[in-house]
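Student: The following block contains the structure, expressed as structure tokens.
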Amino acid sequence: MEGVLKGRAFKFGDDINTDEIIPARYLNTSDPKELAKHVMEDADPKFPEKVKPGDVIVAGKNFGCGSSREHAPIAIKAAGVSAVIAKSFARIFYRNAINIGLPIFESPEAVEGIEEGDIVEVNPETGVIKNLTKGTEYKATPIPSDIRKIIDAGGLMEYAKQKLGLK
Amino acid sequence: MGMTITQKILAEHAGREEVYPGELVMCKVDIALANDVTAPIAIKQVKELGVKEVWDRERIALVPDHFVPAKDIKAAQQVKMMRDFAREFKIKHFWPEGRVGIEHALLPEQGVVVPGDVVIGADSHTCTYGALGAFSTGVGSTDMAYAWLTGEVWFKVPEQMKFIYYGKRKKWVGGKDIILYVIGMIGVDGALYKTMEHTGEAIRELPMDDRFTICNMAIEAGAKNGIIEPDEKTLEYVKGRAKRPYKLYKSDPDAEYSEVYEIDVSKIEPQVAFPYLPSNTRPVSEATHITIDQVVIGSCTNGRISDLRVAAQILKGKKVNPNVRCIVIPATQEIYRQALKEGLIDIFLEAECVVSTPTCGPCLGGHMGILAKGERAVATTNRNFVGRMGHPESEVYLSSPAVAAASAVMGRIAHPEEVVGESN
């Protein structure tokens, strides 16, 4: 996670589940590009067309609930989404996002203060979220330092390489 | 300060005397499983590292159950990847079609997971094995790859919630109704990141199959794990199945819980969860106006032998409503054979049900019973999200096998008594 993340906000509600993020009918592949074509399709069928690199998903509580499918954060990342900001995350989605290096931020205040289409900037190092359209600023819940080690290594597999002495 | 069963299992696997909620721990894993949807991503990651061996070929379980027998070419490629990996790395627990069953019914049945284990699975319903008194939870494919390489997984020790059940269940009320009732009460994130420990006289009275159902749906309340202390029923189930030594843990009387709920099960009616969340529960009596197109009886939640028995009890001598297709899916080959021996399959065929080989199939909208636009299903599965069983404008209502079977006969959501009368 390097540099500042910036893009347009796409807003979603509470309990956005993994079936909405990437429906199981597309799970006969794990190819990120294929998955990206259908990202968020059952929550907003137009999303895969509208999303541009850098854009930010802003959602309510319990984002990513449901299945353990890593295809969900993979599809979001492959679609070019730079960050997901939510009031809270479901636990498996949270792990998966950390493990594959999709930047996620928990901040109920930011979610309340951002509207669809606002330009949002996030600093992954500090967790500071800026709504450039409205001129407001928020701070995400800090990520525990042990988990930070995985992020800093570049994801869990990079961390594994270090641990196994493969690097 | 005392510890709960979950804390004790995690402490033992982390090589610690004690662990408390909020601590991050690195735990040794007893079994790490993945299916045909999640394994391919983990396999790619392991292969990319160029390693020649996994951490322990006897501790990895590969279960192709989601889209099998392969529903299309892409699905076939995924299963082939698992088969090739299993051969190359000499994975002990790999079941091809004809031997395979739905993972969370299969692993306990085959004694691959046992009480006291730490089990991780690249499948969210891995929490099922809590019914054996094991710590088990769902993770993603990368966590899985990491465990296959190192035999370890990191956890934040979850806060502990306790659910105490008492009272006598009404007829036709089982594990599914109890857990749907609880999810309705606390919501789909009511146990987020936490443990749901189920205890009390009404749990001790419950058969193992119902306990599996209760722990299976912990994830539908956002929980990290569901768990039940092992007792004589657990031991009876494990006896003759367990492939490894096992250890029984119990919660200390002075263990700390962040929340404690007391639930009188005698007040629970058969439950139905309306679209589009498992927490949208209502008593079946408030759902009998809903007409349906399909019924699915099966899945890791309710595809076990006692589920088929209760469905057969209702379908015996009846016909599935002409407007409905009823799909029955025994969760494993052993369950299928047992159902055949007991004459249950005959009852289903006589009632004009579809009987399928074991597969997760329709539960996640994979195959074997996909819904068209506007169609409605009653299913004994675990999720009723938008598009879960097919078209985004289809609907899934979750229920027990008893309610599902009764609904298949009536062509609408129905209480079992409407089909078999009050005396049966």
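Student: For the range B:21-54, give me each residue that is surrounded by fewer than 22 Cβ atoms within 10 Å (Cβ to Cβ), under 27 Å from the mean Cα position of the chain (by Cα) and part of a loop (DSSP other than H, G, I, E, B).
Tutor: Once the filter is applied, which keeps residues that are surrounded by fewer than 22 Cβ atoms within 10 Å (Cβ to Cβ), under 27 Å from the mean Cα position of the chain (by Cα) and part of a loop (DSSP other than H, G, I, E, B), the range B:21-54 yields B:21, B:22.
Student: Ok, one more. Identify the single condition in (1) modelled with pLDDT of 95 or more; (2) open to solvent by 10 Å² or more (accessible area, probe 1.4 Å); (3) part of a strand (DSSP E or B) that residue B:62 does not satisfy, given that it satisfies every other one.
Tutor: Answer for residue B:62: the failing condition is (2).
Student: Looking for whichever is more than 14 Å from chain A (Cβ to nearest Cβ), open to solvent by less than 30 Å² (accessible area, probe 1.4 Å) and modelled with pLDDT of 95 or more here; the options are B:208, B:185, B:144, B:217. Which one fits? Quick ask: steps written out before the conclusion?
Tutor: Working: B:185 fails: open to solvent by less than 30 Å² (accessible area, probe 1.4 Å); B:144 fails: more than 14 Å from chain A (Cβ to nearest Cβ); B:217 fails: more than 14 Å from chain A (Cβ to nearest Cβ).
One residue alone meets the criteria, B:208.
Student: Can you pull out the residues in the range A:33-50 that are more than 10 Å from chain B (Cβ to nearest Cβ) and either surrounded by fewer than 22 Cβ atoms within 10 Å (Cβ to Cβ) or farther than 15 Å from residue A:73 by Cβ (or both)?
Tutor: Residues satisfying the conditions are A:33, A:36, A:37, A:38, A:44, A:46, A:47, A:48, A:49, A:50.
Student: Kindly check whether there is at least one residue in the range B:394-414 that is without any contact (Cβ under 8 Å) to a residue 24 or more places away in the chain and within 13 Å of another protein chain (Cβ to nearest Cβ).
Tutor: Yes, there is a match, as at least one residue in the range B:394-414 is without any contact (Cβ under 8 Å) to a residue 24 or more places away in the chain and within 13 Å of another protein chain (Cβ to nearest Cβ).
Student: Has the range A:126-141 got at least one residue that is open to solvent by 10 Å² or more (accessible area, probe 1.4 Å) and either assigned to a helix (DSSP H, G or I) or within 14 Å of chain B (Cβ to nearest Cβ) (or both)?
Tutor: Yes, the range A:126-141 contains a residue that is open to solvent by 10 Å² or more (accessible area, probe 1.4 Å) and either assigned to a helix (DSSP H, G or I) or within 14 Å of chain B (Cβ to nearest Cβ) (or both).
Student: Pick from the range A:63-78 the residues that are more than 9 Å from the chain's Cα centre (by Cα) and either basic (Lys, Arg) or surrounded by fewer than 24 Cβ atoms within 10 Å (Cβ to Cβ) (or both): which of them is nearest to the other protein chains (Cβ to nearest Cβ)?
Tutor: A:69
Student: Return the pair list, or none, for Cβ contacts closer than 7 Å from residues in the range B:24-50 that are more than 9 Å from every other protein chain (Cβ to nearest Cβ) and under 10 Å from residue B:144 (Cα atoms) to residues that are surrounded by fewer than 24 Cβ atoms within 10 Å (Cβ to Cβ) and among the aromatic types (Phe, Trp, Tyr), at least 6 apart or on different chains.
Tutor: What qualifies is B:43/B:85.
Student: Which of the residues spanning the range A:91-106 are free of Cβ contacts under 8 Å to residues at least 60 places away in the same chain and within 10 Å of chain B (Cβ to nearest Cβ)?
Tutor: Of everything in the range A:91-106, those that are free of Cβ contacts under 8 Å to residues at least 60 places away in the same chain and within 10 Å of chain B (Cβ to nearest Cβ) turn out to be A:91, A:92, A:94, A:95, A:96, A:97, A:98, A:99, A:100.
The values are calculated or read from the model by the stated rules, or taken from the named source; none is laboratory data. Worth saying up front: this structure is predicted, and the values here are computed from it rather than measured. Neighbour counts are summed over all protein chains in view; Cβ atoms, including those assigned to glycine, are modelled from backbone coordinates with ideal geometry. Just the protein is used for accessible areas: all its heavy atoms, side chains included, with ligands, DNA and RNA removed. Shrake-Rupley method; radii C 1.70, N 1.55, O 1.52, S 1.80 Å.
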